[in-house]
Amino acid sequence: MRPVYREVQQFRQVWIWAIVIAIAGLVWYASARQILLHRPFGDRPMPDILLVIFWFIFGIGLPALFLFGKLVTEVRDDGIYIRYFPLHRCFRKIALKKLKGYEVRTYRPILEYGGWGIRFGLKGKAYNVSGNRGVQLELTNGKRLLIGSQRPEELWRAIQAGVRWAVEQE
């Protein structure tokens, strides 16, 4: 089915990239110093094999996750589809008939969900990449899901149109 709404968001915040690059740079430096130059890194250096694992995870994996990572949100005739690439291999579907309510809202990413990404907080689950606005979904099973968006009003309107269409089809 053709999406009536589609949004692709990526991590573009300078401060996040500064942290990621600092972590990756430190791991690259430690690895090069200890493994290539045979000069232990720190007072109690970790074993080389553990340092290689850290290098792979934090020197390569972490930057790649933020470089290629993206949140794709689509509203189609039969549901809301979310994919957090590369963590999700395929879209996660939320059927429109499972929505009890939905609203545009401003939220506090760090206080309510512990930051950005796929997050779990006291107010439910969140999929967000940047900013502090999104659409809060309340499902018929009582669960809550926040979808972060740079265009929350447009996302809300697409969900509303999809719900109306689904009701008409019944």
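The values are calculated or read from the model by the stated rules, or taken from the named source; none is laboratory data. Just so it is clear, the structure is predicted and the values come from calculations on it, not from any experiment. We place every Cβ from the backbone using ideal geometry, glycine too, and count neighbours over all the protein chains shown.
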| Of the residues in segment 64-95, how many are at pLDDT 90 or above and over 20 Å from Gln10 (Cβ atoms)? | 5
| query | For segment 75-95, does any single residue satisfy the condition of being assigned to a helix (DSSP H, G or I), surrounded by fewer than 17 Cβ atoms within 10 Å (Cβ to Cβ) and without any contact (Cβ under 8 Å) to a residue 40 or more places away in the chain? | reply | no
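Would you list the strands (runs of 3 or more DSSP E) that sit entirely within segment 117-170 and hold 2 or more residues that are surrounded by fewer than 20 Cβ atoms within 10 Å (Cβ to Cβ)?
Values: elements: 117-121, 124-128, 133-139, 144-148.
Of the strands (runs of 3 or more DSSP E) lying wholly inside segment 117-170, those with at least 2 residues that are surrounded by fewer than 20 Cβ atoms within 10 Å (Cβ to Cβ) span 117-121, 124-128, 133-139.
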| Does segment 8-21 contain any residue that is farther than 30 Å from Glu154 by Cα, touching a residue at least 24 places away in the same chain (Cβ under 8 Å) and among the hydrophobic types (A, V, I, L, M, F, W, C)? | yes
